Every structure is written in structure tokens, then in C-alpha cells.
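K.L.:
Structure below; questions to follow.
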């Protein structure tokens with residue numbers, strides 16, 4: 001079972017599916033276009049429960065998630081889950097002991 005990244009309010013995505021995490025406000029036109037395309041194609045998920053949008057997570061399968069959790073907090077959660085995932089994949093590696 002893959003490690004999951006908690007985006008807030010009981011919303012989780014697999015760590016292996018995360019393309020990138022960015023903070024708000026969205027300043028690049030390419031990211032704005034990506035968000036608009038996701039909304040148009042039904043691949044947009046708002047995980048904020050009407051709270052302030054603090055980060056945007058884009059997955060490899062094209063889904064875009066708004067989260068109320070800070071981008072730095074999501075990055076720390078991602079790194080922890082990614083470290084744990086690699087630790088399980090390489091149990092003979094002595095550097096993780």
C-alpha cells in the first residue's frame with residue numbers, strides 16, 4: 001500500500017502521484033492555465049472546506065488540489081512519507097538504520 005499525503009480535511013493522495021506542491025498566490029500563467037484546464041475537465045478538487053487557500057498540489061495524473069495547509073507543511077509531510085517509502089523499498093540499506 002502506498003504512503004499517503006494528507007492534504008487536510010480527510011483528503012489523502014498517494015505520495016508517488018505528487019508532481020509538485022506550490023504555495024499561494026499562484027503567480028505563473030502556466031499554473032493558472034493548468035488549474036483552469038483541471039476545472040474544465042473535472043480534475044479539480046477543493047480540499048479547503050471554505051477556508052483560505054494556502055497551497056496547490058498537482059498530481060501526475062492531472063488532478064489539481066487546493067489545500068488550506070501551508071506548502072511548507074505539505075512539503076515536510078511529503079518528505080517524511082517519501083523517506084519512509086524508500087526505507088521500506090531498500091531494507092538492506094544500512095544508512096536508514
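K.L.:
Could you check region 25-57 and list, in sequence order, the residues that are free of Cβ contacts under 8 Å to residues at least 40 places away in the same chain, within 17 Å of residue 5 (Cβ to Cβ) and not in a loop (DSSP other than H, G, I, E, B)?
P.N.:
Listed by number, the residues that qualify are 45, 46, 55, 56.
K.L.:
Right, something else. Please count how many residues of region 1-24 are touching a helix residue (DSSP H, G or I) at 6+ places or on another chain (Cβ under 8 Å) and in a strand (DSSP E or B).
P.N.:
Of the residues in that region, 8 qualify.
K.L.:
Only one residue in 81, 76 is part of a helix (DSSP H, G or I) and without any contact (Cβ under 8 Å) to a residue 24 or more places away in the chain. Which one?
P.N.:
Among 81, 76, only 76 is part of a helix (DSSP H, G or I) and without any contact (Cβ under 8 Å) to a residue 24 or more places away in the chain.
K.L.:
Starting from region 1-18, keep only residues that are at negative phi and without any contact (Cβ under 8 Å) to a residue 12 or more places away in the chain, then list their pairs with residues that are buried (at least 18 other Cβ atoms within 10 Å of the Cβ) and outside any helix (DSSP H, G or I) whose Cβ atoms are within a distance under 7 Å, requiring at least 6 positions of separation or different chains.
P.N.:
12/5
Here, each number is a calculation from the coordinates, and none is a lab measurement. Here the structure is a predicted model, which means the values were calculated and not measured. Note that we place each Cβ from the backbone using ideal geometry, even for glycine, and neighbour counts take in every protein chain shown.
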